[in-house]
Amino acid sequence: MRLIKEILVVMDDSSDHQPALVQAIKIAKQTSATIELFLVAYTRGLVSHWNFNQTQLLALQKEYVATKLRWLETYLAEITALGLEVRLDAVWHPDISCAVVAKVESDNVCLVVKSTKQYSTINKVFFTPSDWQLLEHCPVPLLLTKSLNDSSYHKIIAAVDPKKTHDKPEKLDNKILAAAIAMGELFDSHVHVCHCYQPIGIELWQGMSSVGMDHSLNNGDFTDYTDAIKQHHQSLFDELLANYSFDKKSSHLIAGSPEFELPVLVKDYQVDVLVMGMSNNGKFIGNTVEKILDNVDCDVLSIRCSD
């Protein structure tokens, strides 16, 4: 994260609050990165209208984008006063996620920061359709944030899965850990790491013998099975963390479904940022995006690895 030189901030012209900008400024102050404020402008009223021809509509769209650029300019003084370099860009596009991905692919963007929606009563994060699309397709690290706090991130957790699977890039877990550690160094925060694994339940275990399946243990004892599967995942977890300095209090091996256990861990430890990995097929390794992220009440940093 210290190598970040270009931060793309996806601005929201429907709100006076810009959590993405707040977080981008905090990161840029630590990395001396350039901030680019990026707005995707679109309104259906200027797509077709019985009273305007195509040339007139294009001119109106251009003027509409120009008004959005002038709105972005209102943030310049605040950012430059902090000694940060800032650029502005606004484009006409009907799809925010497609416009952001195109911008990332055409420029030297290192990190995308976008605000998420928050329900004020229960402090829960809601991800918009464009958030989901960006999680699936953004080729660089993506920080989805709800926080307007000027305070630093205090606790960060990296969710890894050291199992070898055919759709998982080999170095993804290491990239997740590197990003979490670097973020921790930027904000002087405590970094945790977790791996959730899900053994089969006792009902399925008991049913295996009835269909002639071998339990792969001499005495076929369910406790022995759970101990063996825990030891297997502990070995994988230990191997992954061998070159890192996580202590026992900050490394968590949890038996259970990640979509249920991760939100509990985030709540119990009051985590500020959850760092997770995206595979090449646009899904979090071993889980659907929705089952996990709909239930976490913290910012999310997604990391992709193309290897």
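The values are calculated or read from the model by the stated rules, or taken from the named source; none is laboratory data. The shown structure was predicted, so the numbers you read here are calculated from the model rather than taken from an experiment. Neighbour counts are summed over all protein chains in view; Cβ atoms, including those assigned to glycine, are modelled from backbone coordinates with ideal geometry.
Looking only at residues in the range 75-95 that are in a loop (DSSP other than H, G, I, E, B) and modelled with pLDDT under 95, the one that is nearest to the chain's Cα centre (by Cα) is Asp95. For the range 193-207, the criterion of being at pLDDT 80 or above, assigned by TED's automatic domain parsing to the domain that holds Glu105 and surrounded by fewer than 21 Cβ atoms within 10 Å (Cβ to Cβ) is met by no residue. Residues in the range 67-107 that are charged (D, E, K, R) and touching a Ser or Thr at 6+ places or on another chain (Cβ under 8 Å): 3 in all. Applying the set (1) touching a Ser or Thr at 6+ places or on another chain (Cβ under 7 Å); (2) touching a residue at least 40 places away in the same chain (Cβ under 8 Å) to Tyr64 leaves exactly one unmet item: (2).
Number of residues in the range 71-112 that are surrounded by 13 or more Cβ atoms within 10 Å (Cβ to Cβ) and touching a residue at least 24 places away in the same chain (Cβ under 8 Å) equals 28. Looking at Gln30, is it in the same structural domain as Trp132 (by TED's automatic domain parsing) and touching a residue at least 24 places away in the same chain (Cβ under 8 Å)? Taking the combined requirement at face value, the residue satisfies it. Which of the residues that make up the range 244-264 are in contact (Cβ under 8 Å) with a residue 40 or more places away in the chain and over 11 Å from Val193 (Cβ atoms)? Residues satisfying the conditions are Ile254, Ala255, Gly256, Ser257, Pro258, Glu261, Leu262.
Applying the condition of being among the polar types (S, T, N, Q) and surrounded by fewer than 16 Cβ atoms within 10 Å (Cβ to Cβ) to the range 113-127 and asking which residue is modelled with the highest pLDDT yields Asn123. Count of the range 287-306 residues, restricted to those that are crowded, with 18+ Cβ neighbours inside 10 Å and modelled with pLDDT under 80, is 4.
Determine whether the range 166-181 contains at least one residue that is of a type in the set (Lys, Arg), surrounded by 11 or more Cβ atoms within 10 Å (Cβ to Cβ) and modelled with pLDDT under 90. Within the range 166-181 (the criterion being of a type in the set (Lys, Arg), surrounded by 11 or more Cβ atoms within 10 Å (Cβ to Cβ) and modelled with pLDDT under 90), the answer is yes, since at least one residue qualifies.
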